[in-house]
Amino acid sequence: MRYQSTLAANTFSGQTIIITGGGSGIGRCTAHELASLGARVILVGRTQSKLDKVAAEIGQDNGLVDSYSLDIRDEEAVSNCVSRLIDNHGVIHGLVNNAGGQFPAKMESISKKGFEAVIANNLTGGFLMSREVFRQSMKKHGGAIVNITADNLNGMPNMGHSGAARAGVENLTKTQAWEWGQYGVRVNAVAPGWVNSSGFDTYDESMKAMILNLKDHVPLKRVATEAEISSVLCFLISQGANYISGQTIRVDGASSLGSSSVVCPLSNKEATNSNSFSGFHRAELPKVFDTTNK
């Protein structure tokens with residue numbers, strides 16, 4: 001089997017595209033889709049073993065792939081890695097700033113260290129990657145950048161540090177699009193809602209009940225598949241999006257439209273005509289949703 005993308009075969013043939021956080025979740029799925037469409041995918045992440053696993057999968061599917069272990073918060077390391085990558089592969093055509101992470105916490109309990117760590121993961125690292133890719137390749141050759149944010153339209157209760165960082169990413173996207181557009185560089189952001197990915201398994205037992213009930217707070221009555229996020233990322237990198245820049249695309253099943261479930265509660269009835277798309281042939285069900293062994 002191969003990835004079932006909605007884009008045309010060979011859409012990215014001959015292109016080199018970097019994906020940070022490519023060792024799991026949305027990054028892993030996007031890497032597979034891009035590779036299936038002909039791109040040479042460059043996986044970037046902190047854990048080489050995770051990158052190796054995804055690289056092996058893509059290789060088995062006859063895709064082109066390379067990987068670099070890197071802490072994107074380290075300015076010198078980012079600059080050196082991008083330089084080495086260009087030496088090895090030439091022009092960088094696309095960058096997906098997907099790496100990030102957070103932990104649940106109420107605002108009053110977040111320490112300065114914890115707050116700054118989440119800002120560095122979700123905002124500073126993406127800025128450094130974008131800046132170096134622009135400086136070293138895209139300023140001369142053009143390209144497309146997609147930054148990943150989150151469903152923070154109405155704040156992010158219990159994850160205020162992440163919400164602040166993601167809001168920064170959205171504003172950064174607009175500034176990058178304005179300043180770099182004259183060089184043929186497009187920059188957009190994608191704001192996923194809740195996604196059925198391995199990220200759910202990083203939370204502790206106390207979060208499981210909340211995760212299982214997330215669908216009840218989405219008008220489409222379900223969470224997204226990884227492929228439904230990846231398809232938008234890939235489109236924004238493709239030529240079909242050549243006049244889209246500085247925008248944030250929300251892929252959240254309309255959940256961000258409700259400011260509060262108390263103000264406008266959703267009904268308890270099952271949704272109709274809300275079908276999942278899952279073109280990712282290697283998709284893995286998060287353990288929290290696996291009922292086969294319970």
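The values are calculated or read from the model by the stated rules, or taken from the named source; none is laboratory data. Since this is a predicted model, take the numbers as computed values, not measurements. Positions of Cβ are generated from backbone atoms using ideal geometry, with glycine treated the same way; all protein chains shown enter the neighbour counts.
The residue list R46, R84, R40 contains one member that is among the basic types (K, R) and touching a helix residue (DSSP H, G or I) at 6+ places or on another chain (Cβ under 9 Å), which is R40. Scanning the range 104-139 for residues that are in contact (Cβ under 8 Å) with a residue 24 or more places away in the chain and in a loop (DSSP other than H, G, I, E, B) turns up P104, K106, I110. Any residue at all in the range 271-280 that is buried (at least 17 other Cβ atoms within 10 Å of the Cβ), touching a Phe, Trp or Tyr at 6+ places or on another chain (Cβ under 8 Å) and either at pLDDT below 90 or part of a loop (DSSP other than H, G, I, E, B) (or both)? Looking through the range 271-280, at least one residue is buried (at least 17 other Cβ atoms within 10 Å of the Cβ), touching a Phe, Trp or Tyr at 6+ places or on another chain (Cβ under 8 Å) and either at pLDDT below 90 or part of a loop (DSSP other than H, G, I, E, B) (or both).
Consider S267 carefully, then state whether it is at pLDDT 80 or above and in a loop (DSSP other than H, G, I, E, B). No: the conditions fail for S267. For the range 140-168, a tally of residues being within 13 Å of Q102 (Cβ to Cβ) and surrounded by 23 or more Cβ atoms within 10 Å (Cβ to Cβ) returns 7.
Do we have S137 as of a type in the set (S, T, Y), surrounded by 17 or more Cβ atoms within 10 Å (Cβ to Cβ) and over 19 Å from the mean Cα position of the chain (by Cα) here? Steps first, please.
Working: of a type in the set (S, T, Y): yes; surrounded by 17 or more Cβ atoms within 10 Å (Cβ to Cβ): yes; over 19 Å from the mean Cα position of the chain (by Cα): yes.
For S137, the condition - of a type in the set (S, T, Y), surrounded by 17 or more Cβ atoms within 10 Å (Cβ to Cβ) and over 19 Å from the mean Cα position of the chain (by Cα) - is met.
From S245, S231, grab the single residue that is touching a residue at least 24 places away in the same chain (Cβ under 8 Å), assigned to a helix (DSSP H, G or I) and not charged (D, E, K, R).
Numbers: S245 fails: assigned to a helix (DSSP H, G or I).
Going through S245, S231 in turn, just one is touching a residue at least 24 places away in the same chain (Cβ under 8 Å), assigned to a helix (DSSP H, G or I) and not charged (D, E, K, R): S231.
Taking the criterion of being under 18 Å from the mean Cα position of the chain (by Cα), closer than 22 Å to V223 by Cα and in a helix (DSSP H, G or I), the residues of the range 148-166 that qualify are S162, G163, R166. As a summary of the residue check, I237 satisfies the conditions (1) within 28 Å of G143 (Cβ to Cβ); (2) in contact with a His (Cβ under 9 Å, 6 or more places away or on another chain); (3) modelled with pLDDT under 95 except for the one numbered (3). Inside the range 156-178, residues that are touching a Ser or Thr at 6+ places or on another chain (Cβ under 6 Å) and among the small types (G, A, S) make up a count of 1. Out of the residues in the range 41-73 meeting the condition of being acidic (D, E) and in contact (Cβ under 8 Å) with a residue 24 or more places away in the chain, tell me which one is farthest from F12 (Cα to Cα). This residue is D71. Considering the range 27-74, and only residues there that are assigned to a helix (DSSP H, G or I) and among the aliphatic types (A, V, I, L, M), the residue that is surrounded by the most Cβ atoms within 10 Å (Cβ to Cβ) turns out to be L34.
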